[in-house]
Amino acid sequence: MRIFLLTVFLTSNFIFSQTNLQTDFRSAVAGETTNFGTSFFYNQPNKVVLGSAYLFDEWNNDGEIQTLTGERFLVRNINLNISRNAFEAKINNNDSIFSFNFNNINQIIINGKKYKNFFSDGDNRVYQIIYSDNTFSLLKGFSVKLVSGSGNPMVNRSNDKYVKKREYFIRYVNPNSIQDFKLNKRSLNKFVQNSPKGFSNVLSYIESNNLSYKNEEDVIRILSFAFGE
């Protein structure tokens, strides 16, 4: 499997090995739509808005984009725009942005974490894959809303502010569905009752390792023990 390096320079050029993707990204820099997305210029708002609609506070993130055809390439300065449900990369240090679509993309790995777009109940949404096996996946979804500022001194919110929220979901492979899931003792115990390791063994594993039902890393360990080989 070939890996292409896609890196961003001040010259507004994408540099990578010679492939058929080269034309696509060069045209993207010129502002044309491509099979992988399109570029645009971001206009800063006139008024101060606290926070951001992006998942990561900083843009210095390295991502690996894996296509549906099995190709992979790396891109720097990538972020997830939660409100647009789109991954975006800064083309250079000005306000030029490249927005990726999911027409030819299988998944994106950023800072070692997997992100994928799933369609469910008539809606497309990007999720982080927390844990996955052949029958289900534990996902983390993100949402953001813009809360308006207030001139009331009792509110103590003079500026507009982006408020981000995360939620967990279970995606079943068969049937293909996505359902809300809470990281708590009740939900997790109910979910692991049918573990091939045996429910009592799972409870013993949780207790002996002092694992938390609310801690994401601990939940991964619980699911790995309950359903892993």
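The numbers here are math on the coordinates, done by the rules we state, and not lab data. These numbers come from a predicted model, not from an experiment. Backbone-built Cβ (ideal geometry, glycine too); neighbour counts: all protein chains shown.
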**Request:** Could you grab the relative contact order for the stretch 45-148? Cα pairs under 8 Å, six or more apart, rounded to a whole percent.
**Result:** 20 percent
**Complete:** Restricting to lysines and to Cα separations under 19 Å from Lys161, and discarding same-chain partners fewer than 8 apart, the set is Lys47, Lys145
**Asked** So between Ser212 and Asn106, what do we pick up on full extension, going 0.36 nm a residue minus the alpha carbon distance?
**Response** 35.0 nm
**Prompt:** Once phi is turned into θ = phi - 60°, what whole-Hz ³J(HN,Hα) does the Karplus curve with 6.51, -1.76 and 1.60 give for every residue of the stretch 218-223, x standing for Gly and Pro?
**Reply:** 5, 5, 4, 5, 5, 5
**Message:** I want to check the label-to-label distance for Asn201 and Ser143. Put each point 7 Å from Cα in the C-beta direction and report it in nm to one decimal.
**Reply:** 3.9 nm
**Request:** Starting at the first residue of the stretch 114-124, write each ³J(HN,Hα) from the Karplus equation 6.51 cos²θ - 1.76 cosθ + 1.60 with θ = phi - 60°, in whole Hz, x for Gly and Pro.
**Result:** 8, 10, 8, 9, 10, 9, 7, 6, x, 9, 9
**Prompt:** Given N residues in the stretch 81-203, what is Rg(Cα) / (2.2 N^0.38 Å)?
**Reply:** 1.38
**Request:** Would you please put 108-115, 171-178 in order of how densely packed they are, using the mean number of other Cβ atoms within 10 angstrom per residue and starting with the highest?
**Result:** 108-115, 171-178
**Request:** Determine the dipole magnitude for the stretch 67-210: charges of +1 sit on the beta-carbon of Lys and Arg, -1 on that of Asp and Glu, nothing else is charged, the reference point is the Cα centre, and the result goes in debye to the nearest 20.
**Result:** 340 debye
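State the extension gain, in nm to one decimal, for the chain segment bounded by Val48 and Ser158, taking 0.36 nm per residue of separation less the distance between their alpha-carbons.
38.6 nm
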**Reachable lysines from Lys114, criterion Cα separation under 19 angstrom, eight or more residues apart if same chain** = Lys140, Lys165
**Item:** Built amide H within the under 5 Å cut-off of Asn85, gap 5+
**Value:** none
**Residue-count net charge about Phe98 - beta-carbon cut-off 9 Å; Lys, Arg +1, Asp, Glu -1** = 0
**Prompt:** Which shape class, rounded, prolate or oblate, goes with the stretch 182-229 when its Cα gyration tensor gives a ≥ b ≥ c as root eigenvalues, a/c under 1.5 marks rounded, and past that a/b bigger than b/c marks prolate?
**Reply:** rounded
